[in-house]
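The structure appears right after this line, and notes come after that.
The values are calculated or read from the model by the stated rules, or taken from the named source; none is laboratory data. Keep in mind that this is a model prediction, so the values were computed, not measured. Note that each Cβ is placed from the backbone with ideal geometry, even for glycine, and that neighbours are counted across all protein chains shown. Only protein heavy atoms, including side chains, enter the accessible area calculation; ligands, DNA and RNA are left aside. Shrake-Rupley method; radii C 1.70, N 1.55, O 1.52, S 1.80 Å.
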Amino acid sequence: MRSKKYGTRFVYQNGILTSENGRVFIHCPNVKGSIIIPDTIDTIGRIALAGIYKPEFSVILPEGFVRIEEKAFEMSDGLVRIHFPDSLLFLGESAFCGTNLSEVLLPD
């Protein structure tokens, strides 16, 4: 697969589709329970987890994670919890629009 924004190829490993260099989370086709983002990933790409309705899920971001692109979780009403690390620097526009977040863990 080719993408101008994320490089020339995608990599699918351990149930997660990433950019070729493994730093950008592109998609996870089987969302269940908690999505624990590997520490090799520092960005969740645009619309990566958008439109996921069921089941309810949470996202745990590793320390060193820095960026959530615009509309990353848009209209994912299955998203109920997210844990932000101290390293987070950027939240894109409408990243969580239309979600059912009930618990957000913020860094100190």
**Asked** Which ones in region 24-62 are more than 20 Å from Y12 (Cα to Cα) and open to solvent by 70 Å² or more (accessible area, probe 1.4 Å)?
**Response** Y53, K54, E56
**Message:** I need the full set of residues from region 63-82 which are under 11 Å from the mean Cα position of the chain (by Cα), open to solvent by 60 Å² or more (accessible area, probe 1.4 Å) and under 21 Å from D39 (Cα atoms), in order please.
**Reply:** R67
**Prompt:** If you scan region 34-54, which residues turn out to be touching a strand residue (DSSP E or B) at 6+ places or on another chain (Cβ under 6 Å) and modelled with pLDDT under 90?
**Reply:** S34, I35, I36
